[in-house]
Amino acid sequence: MLFNSLTFIVFFAIVVTLYWGLHGWELRKNLLVVASYIFYGAWNPPFAALLFSTTCMDFWLGRQIARAQGSHRKRRWLVASVCMNLSMLGFFKYGNFLLQNFQWLLARIGIVYQPPHLDILLPVGISFYTFHSLSYTLDIYRGVLQPTRSLRDFVLAVSFFPQLVAGPIVRAGDFLPQLRHPPRLKENQFFWGLALMTLGLFEKIVLADTLLSGSADRVFNYAGPLVALDSWAGVLAFAGQIFFDFAGYSLCAIGAALTLGFHLKDNFRFPYAAIGFSDFWRRWHISLSTFLRDYLYIPLGGNQVRPFRAALNLVIVMFLGGLWHGAAWTFVVWGLLHGSYLVIERVFRVLFEAKQWASTLPVRVIAGFATYAAVCIAWVFFRAPDFTVASRMLGGMFGQHAQDDAILTTRELLQIGSVTAALIAMHWGMRDNTFETAVMRLPHWAITAIGSAMACAVIFTQGNSNAFIYFQFQGTAPATALVFPQTFAGGTDSWRSASGI
Amino acid sequence: MFFRKPSREEQIHGGPPLEFERPIPPAPWRGIAVVVTIVVIAATTAWELYCRSLGYAPTLNDDEDLWTQRRRIVAPESIVIIGDSRAWFDVDLDEFQKGLGKRPIQLAMAGSTVWPALADLADDKNFHGTIICSVVPFLFFAPPGSPPMERAEKGVKRFHNQTPAQRVSEYLAMPLEEHVAFLKPDDLSLEALLNQLPIPNRPGALVPPRFPPYFQTEDRERRARMWEKCAEPGSELAKKIQQIWLPLFTPPPPPTYVPKDVFFAQMNEGIQKRFADVTAAIEKIRSRGGKVVFVRFPNSGGLKELEDRITPREKTWDPLLKMTGAPGIYYSDFPELSGFNCPEWSHLSAGDSVEFSKRLVPHLRAALKM
């Protein structure tokens with residue numbers, strides 16, 4: 001179920017009431033397991049069985065890794081766990097993508113192969129819970145974590161409903177210790193959790209879905225060439241939409257966990273005020289970037305190798321990071337672009353970091369805006385369903401089309417402009433702080449007024465339970481819809497004559 | 001730290017003890033929560049009262065979940081109404097039940113094309129009932145990717161893919177919508193209100209079409225009734241809606257990025273394909289013993305003139321009946337059906353819809369050989 005749905009409101013109210021009403025800690029943990037599986041099964045009940053079976057496998061494999069004598073044996077069990085998890089992910093998420101590419105490759109050498117169409121229904125959140133689960137065996141192998149004796153606790157760590165389907169990617173090592181002692185109901189923590197959920201819903205329902213998504217969809221779905229203003233406006237709208245959408249989900253998850261007494265780490269830290277791309281990845285989807293850093297980049301040698309190899313490591317990590325987001329070459333290009341950005345930044349650092357002018361305020365501001373612009377250009381590949389659309393968008397952004405159309409209304413342009421300006425101003429204003437510090441500095445009446453305004457806006461917006469964008473990282477690019485006037489067009493007389501009417 | 005031996009207590013889960021705890025900003029959070037709750041309740045109540053003072057009444061929203069709920073109860077021998085908003089407004093289920101002996105299921109959808117629902121019923125191997133299909137040619141031939149097609153597809157897709165969570169949300173939403181007037185996403189949501197701001201657009205900007213405001217209520221059987229304020233003779237609301245239909249029913253110019261001849265060839269091909277697809281779908285239904293009847297519901301005034309001009313009967317309705325071999329009832333062919341006036345040019349008032357349905361039933365019985 002979605003956080004922005006009536007079902008979730010009722011579900012959450014029941015779970016929270018029962019959870020704090022029950023006395024035994026074991027009973028409360030059982031309740032959370034049941035609630036998490038109901039939450040997950042509410043999408044497609046059979047997939048709950050798949051989630052349970054992969055969790056059990058990792059639980060068992062974790063024990064085997066811990067028991068195994070010698071690094072060789074430990075590695076064998078770890079390979080089994082990695083293969084099991086990634087093959088599940090590969091089959092459900094990348095099955096059709098791999099088949100299509102195999103078909104394309106064969107066609108290049110003159111072999112006509114018609115692969116069977118695999119009608120694979122993708123389990124929601126598989127990309128996230130695979131990583132939750134995988135972190136457990138990886139950490140046991142690394143010696144960071146001892147295997148838990150309780151299958152129920154591990155099941156809860158993987159399936160804990162606030163973070164189950166769209167993150168943050170909570171490592172078992174961060175969550176399992178929290179199951180050791182029952183949390184006490186702390187009033188301030190509970191209400192702060194509710195406040196974070198309200199903010200998250202406001203970001204999702206009001207800012208992402210209402211003020212930005214419609215314009216971004218119209219621009220990316222438009223089949224013709226667009227003027228530069230509309231192209232850029234569409235990309236900025238998407239940049240804002242994806243931030244508010246995903247950061248909103250993360251805030252809801254963190255807030256919901258807090259109301260139940262659990263602590264999840266930040267997943268976003270004002271990313272559009274990043275100065276440079278390594279800074280961006282320390283601020284954007286932090287749980288994924290740290291996961292890739294610890295389990296992929298560092299094992300590859302990280303930056304403790306020759307510069308060329310370190311650069312290659314970066315590109316490999318970002319390539320896989322891109323592919324993780326979706327089974328399409330557009331996501332791969334998005335990842336590779338970010339990989340290239342990181343490599344270029346390294347070169348710049350070597351060349352200019354020691355220069356005094358490099359750390360002056362104007363240069364930092366220019367570098368910040370250049371980072372934002374480059375991130376936006378990469379978003380084109382992330383949002384576009386294919387390279388045709390991506391190249392048309394980039395052409396529009398850089399004024400390449402001779403006869404261009406303007407499709408956004410003045411209201412939409414004003415909305416995108418004002419929301420983007422406010423977003424960037426807030427990120428720059430808080431870039432060296434935490435969100436909690438910013439709230440702490442506000443007078444109480446301002447917190448009350450902002451909270452009331454956000455809650456009212458959520459109610460009056462009447463969101464229609466649009467899925468969060470990160471739910472779509474299930475195999476394909478975001479769904480597209482053509483805009484009516486494009487296809488159902490034709491002057492009255494000409495339409496008649498053309499249609500034979 | 002990572003490689004130290006865990007203590008005995010830690011060994012139950014292993015790993016280092018919890019080192020991370022989220023900071024909680026110090027503030028009187030309970031007091032803030034109480035004040036926020038009071039403000040939200042007061043603001044919501046004020047907004048509800050204001051909306052009611054404007055004439056909005058609590059009613060169900062016609063979304064894909066409500067459609068799915070009705071689609072779910074279609075039995076093999078059901079009588080099903082599909083098509084556009086004219087069938088949705090103009091059919092009285094009670095009169096149809098009296099006249100046809102069975103309560104029909106309302107699956108017509110405002111602003112939609114009939115094809116997805118027809119194809120879905122044709123593909124439903126259990127279905128061998130009766131289909132009453134409304135025809136508004138401008139919508140009937142709407143191409144893939146257009147809003148009428150998307151709206152209809154949304155309903156059919158939701159019927160096939162509805163998750164348990166969506167189903168529960170639907171049952172939770174219904175009593176709310178039946179009691180709260182401001183729950184109208186098309187009219188009173190933040191997005192709809194922003195859309196109504198009178199901000200001029202750039203010259204030549206391709207802006208999306210405007211849709212009519214709230215002017216109907218709907219019950220759990222998806223029976224739509226025109227709001228009385230709209231049905232009043234010479235009402236301002238009706239006049240406003242009339243002026244919205246005209247641009248909405250006028251095909252916009254071809255897109256700039258497709259050569260005209262290519263575009264019109266594609267359009268023509270699409271229309272011929274729709275004729276062929278509909279014929280094949282009806283054949284499937286008939287082969288299982290099912291029946292299909294087309295109905296052209298009344299229209300009036302400037303909209304009737306426009307429709308007659310851009311989608312004349314001899315190029316749409318007549319070939320449709322000829323190709324499919326299905327019976328059809330064109331309202332203007334029968335004096336008892338043609339004397340009705342649509343207040344906003346496109347739909348009958350709630351009262352007239354009952355009378356029209358009563359008069360339509362004998363024609364349906366004859367067409368369906370009942």
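Please work out the average accessible area per residue across chain A, using the 1.4 Å probe convention, and give it in Å².
40
Going out from 0 in 10 Å bins, what whole percent of all Cα-Cα distances in segment A:189-472 drops into each bin?
Spelled out per bin, shortest first, that is 6, 25, 34, 24, 9, 1.
Please compute the contact order of chain B in relative form: average sequence separation of alpha-carbon pairs under 8 Å and at least six residues apart, divided by the residue count, as a percent.
Relative contact order of chain B: 23 percent.
Where does the charge balance sit around B:ALA238 when Lys and Arg score +1, Asp and Glu -1, over other residues with C-beta under 12 Å from its C-beta?
-1
Percent relative contact order of chain A, based on C-alpha pairs within less than 8 angstrom and at least six residues apart?
Here the relative contact order equals 19 percent.
Using a probe of 1.4 angstrom, how much of the accessible area of segment A:189-472 is carbon and sulfur, in percent?
Roughly 69 percent of what the probe reaches on segment A:189-472 is carbon or sulfur.
How high is the FRET efficiency from A:TRP25 to B:ARG30, r the C-beta distance, R0 25 Å, rounded to 0.05?
Once the sixth-power term is evaluated, E becomes 0.50.
Enter the angle in degrees (range 0 to 90, nearest 10) between the Cα long axis of helix B:164-179 and the first principal axis of the Cα atoms of chain B, meaning the one along which they spread out most.
Here the helix axis deviates by roughly 80 degrees.
In square angstrom and rounded to 100, what buried accessible area do you get between chains A and B, total over both, with the probe at 1.4 Å?
Summing both chains' loss of accessible area gives about 7900 Å².
Which sequence of B:GLU269, B:GLU150, B:GLU64 reflects their accessible areas, 1.4 Å probe, from the largest down?
The ordering from most to least exposed comes out as B:GLU269, B:GLU150, B:GLU64.
By a straight-distance test (C-alpha under 12 Å), which aspartates and glutamates pair with A:LYS265 as possible cross-link partners, with residues fewer than eight away in the same chain excluded?
Excluding near neighbours in sequence, the set is A:ASP174, B:GLU19, B:GLU21.
Counting only other residues whose beta carbon sits under 15 Å from that of A:SER87, what net charge do I get with K and R as +1, D and E as -1?
0
Which helices count as membrane-span-like in chain A under these terms: full DSSP H, at least 18 Å along the axis by C-alpha, Kyte-Doolittle mean of 1.6 or more?
In chain A, the long hydrophobic H runs are A:6-21.
Enumerate the whole-percent occupancy of each 20 Å bin, from 0 to the last occupied one, for all C-alpha pair distances of the protein assembly as shown.
13, 42, 34, 10, 1
Largest first, what is the accessible-area ranking of A:TRP77, B:TRP67 with a 1.4 Å probe?
The ordering from most to least exposed comes out as A:TRP77, B:TRP67.
Compute the Kirkwood hydrodynamic radius of chain A, taking the inverse of the mean of 1/r over all pairs of distinct Cα atoms, and give it in Å to one decimal.
One decimal place: 24.7 Å for the Kirkwood radius.
Mind checking the full-extension length gain between B:SER53 and B:GLU269? Use 0.36 nm per residue of separation minus the Cα-Cα distance, one decimal, nm.
72.8 nm
On a full-extension model of 0.36 nm per residue, what is the gain between A:PHE352 and A:PHE308, subtracting their alpha-carbon distance, rounded to one decimal in nm?
Contour length minus Cα-Cα distance gives 14.0 nm.
Once label points are set 7 Å from the Cα along Cα→Cβ at both B:LEU248 and A:CYS83, what is their separation, rounded to one decimal in nm?
Taking the two extended label points, one gets 6.1 nm.
Counting pairs of alpha carbon atoms under 8 Å apart in space and at least six apart in sequence, what relative contact order in percent does segment B:171-287 give?
14
Which residues of segment A:417-464 bury at least 30 Å² of accessible area once all protein chains are present, versus their chain alone (1.4 Å probe)?
For segment A:417-464, once contacts with the other chains are taken into account, A:GLU436, A:MET440, A:HIS444, A:ILE447, A:THR448, A:SER452, A:CYS456, A:ILE459, A:PHE460, A:THR461, A:GLN462 lose 30 Å² or more.
Please give the FRET efficiency for A:LYS186 paired with A:GLN69, using the beta carbon to beta carbon distance and R0 = 45 Å, rounded to the nearest 0.05.
Taking R0 as 45 Å, the efficiency between A:LYS186 and A:GLN69 is 0.50.
Say each of B:ASN126 and B:LYS157 gets a label point 7 Å from the Cα, pointing the same way as Cα to Cβ; how far apart are those two points in nm?
The answer from the label model is 2.4 nm.
Could you tell me the accessible area of A:LEU32 in Å² (1.4 Å probe, neighbours in place), rounded to the nearest ten?
0
Take B:ALA42 and A:ILE344, extend 7 Å from each Cα along the Cα→Cβ direction, and tell me the distance between the two endpoints in nm.
5.4
With a ≥ b ≥ c taken as the square roots of the eigenvalues of the C-alpha gyration tensor of segment B:283-360, please select rounded if a/c is under 1.5 and otherwise prolate if a/b is larger than b/c or oblate if it is not?
oblate
So for B:GLU221, A:GLU187, B:GLU305, what's the accessible-area order with a 1.4 Å probe, most first?
Descending order: B:GLU305, A:GLU187, B:GLU221.
In whole Å, what is the distance between the alpha-carbon centres of segment B:72-108 and segment A:19-94?
Each part's Cα centre sits 49 Å from the other's.
Between their Cα atoms, which of B:LYS98/B:LYS157; B:LYS102/B:LYS157; A:LYS204/B:LYS229; B:LYS154/B:LYS273; B:LYS157/B:LYS369; B:LYS229/B:LYS304 are more than 30 Å away from each other?
B:LYS98/B:LYS157; A:LYS204/B:LYS229; B:LYS157/B:LYS369
Using a Förster radius of 25 Å, what is the FRET efficiency between A:ARG108 and A:LEU394 based on their Cβ-Cβ separation? Nearest 0.05, please.
The value I calculate is 0.40.
The values are calculated or read from the model by the stated rules, or taken from the named source; none is laboratory data. None of these values were measured; they are calculated from a predicted model. Cβ coordinates were reconstructed from backbone atoms using ideal geometry, including for glycine residues, and neighbour counts include every protein chain displayed. All accessible areas refer to the heavy atoms of the entire protein, side chains included, with ligands and DNA or RNA removed. Shrake-Rupley method; radii C 1.70, N 1.55, O 1.52, S 1.80 Å.
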